[in-house]
Amino acid sequence: MENWIDISQVLHDKIPVWPGDTPFEYQVSWGMEKSGSVNVGQVTMSTHTGTHIDAPFHFESDGKKVIDLDFQLYIGVALVIHVDKPASIGLKELEGINLSGVKRLLIRTDAWQDKTAFPESIPHIEPELAAYLSEQGVQLLGLDLPSVDPLDSKELNAHHELNNHGIHILEGLVLNQIEPGDYELAALPLPLEQGDGSPVRAVIRKMK
Ligand SMILES: N[C@@H](CC(=O)c1ccccc1NC=O)C(=O)O
Ligand SMILES: [Zn+2]
Ligand SMILES: [Zn+2]
């Protein structure tokens with residue numbers, strides 16, 4: 001079947017990363033000339049580069065690693081909503097949106113426009129929203145932003161509250177062309193045994 005839309009950031013050597021984090025690098029470490037038959041690549045990257053998921057181990061020392069997460073959560077029906085450039089995302093911003101029975105929620109904010117640079121500031125998820133979202137049935141929250149907390153946060157309250165309510169985090173989506181509505185989503189993390197996070201290839205397809 002067709003009509004799948006790629007909502008992932010392209011991984012290339014200039015992709016912006018969290019200030020101070022490992023730059024992304026792809027290299028052919030064993031080229032044709034040396035190997036005689038093949039190009040073999042090597043990738044150096046932070047697990048929080050581009051479009052990626054967070055495992056609880058990212059913000060809790062005894063939290064689950066990527067391999068421990070239920071991969072089924074990252075495949076299935078998702079609702080895309082558009083909350084245009086909010087200061088933050090709380091109950092007020094979701095007023096009038098029916099989330100009952102929504103398991104996967106993707107929020108388009110358009111607040112990170114220039115994906116060639118890391119943003120200066122971003123709208124954050126108000127930690128109190130976690131309880132409401134989980135009441136509605138949300139288990140996966142995706143955003144077109146590099147974090148669910150303010151960029152200067154050390155407490156990471158939204159990360160913790162979402163995790164406390166069983167809500168998994170998907171960050172760095174590209175949603176600027178995506179109309180709100182019901183979609184199928186696939187955004188599988190790699191089977192990283194030690195992973196605190198993982199890059200994903202995120203794609204969606206409009207539900208008929
Ligand atoms: N919480 C952010 C990442 C994050 O906080 C971070 C990523 C790389 C290097 C440092 C980071 N944060 C703390 O200084 C995220 O989930 O992607
Ligand atoms: Zn992350
Ligand atoms: Zn995060």
Quiz item: P(r) for segment 23-67: what percent of alpha-carbon pairs falls in each 5 Å bin, starting at zero?
Solution: 5, 19, 15, 14, 14, 12, 10, 7, 5, 0
Exercise. Could you go through segment 175-184 in sequence order and give the Karplus-derived ³J(HN,Hα) for each residue, using 6.51 cos²θ - 1.76 cosθ + 1.60 with θ = phi - 60°, rounded to whole Hz, and x for Gly and Pro?
Key: 10, 4, 9, 9, 6, x, x, 8, 9, 9
Quiz item: Hey, what number do you get for the chain at 222 nm if only DSSP H runs of n ≥ 4 count, each worth -39500 (n - 2.57), divided across all residues, to the nearest 500?
Solution: -2500 deg cm²/dmol
Quiz item: Under a point spin-label approximation (7 Å from Cα along Cα-to-Cβ), what is the ASN98-THR22 distance to one decimal in nm?
Solution: 4.6 nm
Practice problem: Work out how much length LEU11 to GLN72 would gain on full extension: take 0.36 nm times their residue separation and subtract the Cα-Cα distance, in nm to one decimal. | Solution: 19.5 nm
Quiz item: Using θ = phi - 60° and the Karplus curve 6.51 cos²θ - 1.76 cosθ + 1.60, what whole-Hz ³J(HN,Hα) does each residue of segment 147-159 get, with Gly and Pro shown as x?
Solution: 7, 9, 10, x, 5, 9, 6, 9, 6, 6, 4, 5, 3
Quiz prompt | Percentage of interatomic Cα-Cα distances in segment 95-208 larger than 21 Å | solution = 39 percent
Quiz item: What residues qualify as long-range amide H neighbours of LEU145, i.e. H under 5 Å apart, gap of 5 or more or another chain, H built at 1.01 Å from N?
Solution: GLY172, LEU173
Quiz prompt | Amide H within-cut-off set for GLY197, under 5 Å, with H built and near neighbours excluded | solution = ALA55, VAL66
Practice problem: Report the equivalent ellipsoid semi-axes for the chain in whole Å, largest first, defined as the square roots of five times the eigenvalues of the gyration tensor built from alpha carbon atoms. | Solution: 29, 19, 17
Quiz item: In debye, nearest 20: dipole of the chain around its Cα centre with unit charges on the Cβ of K, R (+) and D, E (-)?
Solution: 620 debye
Exercise. Count the net charge of all other residues whose Cβ sits under 15 Å from the Cβ of GLU60, scoring Lys and Arg as +1 and Asp and Glu as -1.
Key: -4
Quiz item: For the residue pair LYS34 and GLU135, what label-to-label distance in nm results when each label sits 7 Å from Cα along the Cα-to-beta-carbon direction?
Solution: 5.9 nm
Quiz item: Taking amide hydrogens as modeled 1.01 Å from N in the peptide plane, which residues meet the under 5 Å criterion relative to ALA78, leaving out close sequence neighbours?
Solution: TYR183, GLU184, LEU185
Quiz item: If we restrict to alpha carbons, what Rg and Dmax does segment 90-136 come to, in Å?
Solution: 12.9, 36
Self-check item: Table column - 3J(HN,Hα) (Hz), segment 191-202, Karplus curve with 6.51, -1.76, 1.60, x for Gly and Pro
Solution: x, 7, 4, 9, x, 8, x, 7, x, 9, 9, 9
Quiz item: When the distances between all Cα atoms of segment 1-95 are binned every 5 Å from zero, what whole-number percent does each bin get?
Solution: 2, 9, 11, 12, 17, 20, 14, 7, 4, 2, 2, 1, 0
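Any read-out appearing in this document is the output of simple, stated calculations on the displayed coordinates, not a laboratory observation. This one's a predicted model, so the numbers in the text were calculated from it and none came from an experiment. Neighbour counts are summed over all protein chains in view; Cβ atoms, including those assigned to glycine, are modelled from backbone coordinates with ideal geometry.
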